[in-house]
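Worksheet: one structure, shown below.
The values are calculated or read from the model by the stated rules, or taken from the named source; none is laboratory data. Bear in mind the structure is a predicted one, so any value in this text is a computation, not a measurement. Methodologically, a virtual Cβ is constructed for each residue, glycine included, from the backbone with ideal geometry; neighbour enumeration extends over all protein chains shown. Ligands, DNA and RNA are stripped out before the accessible areas are found, and what is left, the full protein with its side chains, is counted by its heavy atoms. Shrake-Rupley method; radii C 1.70, N 1.55, O 1.52, S 1.80 Å.
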Amino acid sequence: MSQPPIQDWYTTLQPRTAAGRRFLEFCKTDRLIQQQNLMFDSKLYLQAVSYALAQIDTVSQSEQDAGI
Amino acid sequence: MIVQALQAQNFRQFLHLNIQLIPANGVILLVGGNETGKSAIGEAIVFALFGLSDRVGAKTLHQLIRWGQEEAIVQLAFQINDKALLIERTISTAGQMSVVLWDRSTGQVIADAIQQVQTVLQNLLGYGHKVFNQTFYWSQRLTKSSTADLEAIQAMAGVQVYQQVHDLIENDTRTALSKSEQLEKTLQEQAAQLKQRKVDPLRLKWLQETQAELSNSQEQHYALAEQIGEETQHYERRYPLYHQIKRQVSSLHWGAGLLLLLMLILLGGSLSSGFTLWVESLWTGASKLMIWIALLLGISAAVAVFFAYRLANEEMTPLRSKVGLLAQRLYTGYRMMSVSLHELLHPATADWLREKQIAPESADMLMDMQSLAKWSNRVENYAIEPTDLRHLADGLVVNLQQRQQMTAGLLSRANEDIYREQTKAQEAQAIQQQQLERQTVLGAAQTQLQVQIMAQGLLNRAHHQAAVRFNGAINHSTRAYIEAMTGGEYQGVELADDLQLYVIQESNQSRTPFKTLKAEVQREIAMALRLSLAKALALRHGTNQHSLFWDEALLSFTEPLLSQALAHLNTLAHQSTTQLWVSLPQIPENGKDLVLLDCRPDDNVLDIRPIRLGTA
């Protein structure tokens, strides 16, 4: 399955909080690892990231955590 | 960031607050009874830096103004690395806030707008109000919370959000799973319903053919009964006419025969020589006259035969032909009524009659063909008296009508069967449509479930990464703080992948879940972690100076642990350039080398200088 360029994929999501941004940064790396798996489904992964990001943005409000 | 001096006017209960010469390192004890303003000092620091308060909301900050005054002013002198700064923040009763940030070394204003000051401070400190609250500032409000310690640690580690989202998604997943299961169950139920409503297209076709044949049979019986009734009436009307013509024909035949006889006699006489001589003797030329008369008689006979033929051919034959139709219908009616409906109809339709458990008509209810045979030829010759024929026809018509009514009843049942089959087919179609819709919904729910499961995996991995980072950031510096705070009982903490925080006890090599510890031990560990994390945060931003404010955080500590902990903390704070404000209701038993700020306001004025305990 052909994957869209990471940069394109990444810019489709707009985190609203620091926790969301940290999570998305993590996903950038995580995606590279996950897509080594032959069964990796890029569309499903993007949906999962989008879904989790929306939840994180909702929960973490606008201010950032310490995030050590 | 190190606090160097604090001044305030009309802030909370203070008419005037002035604390100067605050030491940069070590424990600073704020000691005083209730309502002496210990908490207000911490609040003043938070308000000066961030324009917020942990006690009142952002929209009710005017509540920080001393009762009856127009505005409150707080000035905070502080240092970040080698930068000496002064911030002054004012709040009016109308909620108007102003703020100015100066560089104390040059006396120049760095920023004088709220947003601008916030941005500059964020850059200088490396964190905002929330992080300050989570790490550097322990509000008295948290002292009363049972979950504050674990939540605070999770927030510090940046995993609180993962924990909350994990719970949310788990809830969503449960809902989606339940929805999927419900849908699958409904689909199974519908499949069973569909099985019950399984439509056999051949059966419907068979029923429709049965319906058509019954309808045809009903019409046939009805039409035949009507036609026989009408034809019988015609028979009754034609009967006298036919017999009148018949008599005329017969008379003509008789007349012709008589004429022929006379002609033969005359011809016979004219051929006899004796008779001819005798007649000629009477009247000369009589023999010739006889021949002429004989010819005339012959011609008359021929004319009579001709008329008789014409009457028979043109009048009687059509009448016979018409009655022939009646005879044929009578024959058909008898033939139809001489066998049961089961035999009369197509075998497939008879199967339906058997399915409906309709018994064949008994033999005594059927017509006898032999009785018709006696009548058949006679009908065609108008040889039956009209009353006799009426009797015969009426009997047949009654039977045909009964059969027609019976067929109408059967037709109605066949229609019901067809309606049932069609309804079943429509219901099956509706169920199939619902199944399709539900399958679409199920597909979407299952995809959502996959998304949620994958999101959980992602969050677990993100949490793991945060946990690794957290464990790495605190482990090298936490041990001393934990030992100091727990009297050496515990040595470390570890944030595990299961989102649990474990406390490490080296003496028995155990890992104890944080939340199972006693509340006071949780507090000890939480405060140790705050020290460790504050240091890590400060270091991350290029400074080893930082200031923490603990408002009654050690209220649960009893002696001698309190004195021991404070002594250890003081040593560690000096080593790591930490300024640790600790508010307590009274001076600990052994406060040697600690710095004391004695909170005993005089008429709401607190103007104090630090005193080093044990050295006076």
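Annotations for the structure displayed:
- Subset of the range B:378-387 [closer than 25 Å to B:Val339 by Cβ and either open to solvent by 60 Å² or more (accessible area, probe 1.4 Å) or basic (Lys, Arg) (or both)]: B:Arg378, B:Glu380
- B:Ser270 modelled with pLDDT under 90 and crowded, with 16+ Cβ neighbours inside 10 Å: yes
- Filter result for B:Val441 (more than 31 Å from the chain's Cα centre (by Cα) and either open to solvent by less than 80 Å² (accessible area, probe 1.4 Å) or outside the structural domain of B:Ala223 (by TED's automatic domain parsing) (or both)): no
- Condition met for B:Gln446 (in a helix (DSSP H, G or I), open to solvent by 30 Å² or more (accessible area, probe 1.4 Å) and within 14 Å of chain A (Cβ to nearest Cβ)): yes
- Top-ranked residue of the range B:428-473 - restricted to ones that are among the hydrophobic types (A, V, I, L, M, F, W, C) and out of contact with any helix residue (DSSP H, G or I) (no Cβ under 8 Å at 6 or more places or on another chain), ranked as nearest to B:Gln163 (Cα to Cα): B:Val468
- Exactly one residue out of B:Glu231, B:Glu236 is touching a Leu at 6+ places or on another chain (Cβ under 9 Å) and surrounded by fewer than 17 Cβ atoms within 10 Å (Cβ to Cβ): that is B:Glu236.
- Any hit, the range B:176-190, residues being within 14 Å of another protein chain (Cβ to nearest Cβ), under 18 Å from A:Val59 (Cβ atoms) and outside any loop (DSSP other than H, G, I, E, B): no
- Any hit, the range B:36-58, residues being out of contact with any Lys or Arg (no Cβ under 9 Å at 6 or more places or on another chain) and among the charged types (D, E, K, R): yes
- Residue match in the range B:427-437 (condition: within 30 Å of A:Val49 (Cβ to Cβ), at pLDDT 85 or above, more than 14 Å from chain A (Cβ to nearest Cβ) and surrounded by fewer than 17 Cβ atoms within 10 Å (Cβ to Cβ)): yes
- Considering residues of the range B:458-474 that are facing chain A (nearest Cβ under 8 Å) and open to solvent by 10 Å² or more (accessible area, probe 1.4 Å) only, the residue farthest from A:Gln35 (Cα to Cα): B:Ala473
- Within this structure, B:Val468 fails the test of being without any contact (Cβ under 8 Å) to a residue 24 or more places away in the chain and in contact with a Ser or Thr (Cβ under 9 Å, 6 or more places away or on another chain).
- Given (1) more than 14 Å from B:Tyr334 (Cβ to Cβ); (2) without any contact (Cβ under 8 Å) to a residue 40 or more places away in the chain, index of the condition B:Gly395 fails: (1)
- Within the range B:485-497, the set of residues being touching a Leu at 6+ places or on another chain (Cβ under 7 Å) and crowded, with 23+ Cβ neighbours inside 10 Å comprises B:Val493, B:Leu495.
- The residues of the range B:557-616 that are part of a helix (DSSP H, G or I) and of a type in the set (S, T, N, Q), listed by number, are B:Ser563, B:Gln564, B:Asn570, B:Thr571, B:Gln575.
- Residue check for B:Gln509: on the phi > 0 side of the Ramachandran plot and either in contact with a Pro (Cβ under 8 Å, 6 or more places away or on another chain) or not charged (D, E, K, R) (or both): yes
- Residue within the range B:219-226 that is touching a residue at least 12 places away in the same chain (Cβ under 8 Å), open to solvent by 40 Å² or more (accessible area, probe 1.4 Å) and in the same structural domain as B:Phe306 (by TED's automatic domain parsing) present: yes
- Selection count where residues are closer than 30 Å to B:Leu187 by Cα and among the aliphatic types (A, V, I, L, M), scope the range B:430-479: 12
- Selection within the range B:535-555: residues that are within 14 Å of chain A (Cβ to nearest Cβ) and at pLDDT 85 or above. The member of this set that is nearest to B:Gln134 (Cα to Cα) is B:Leu548.
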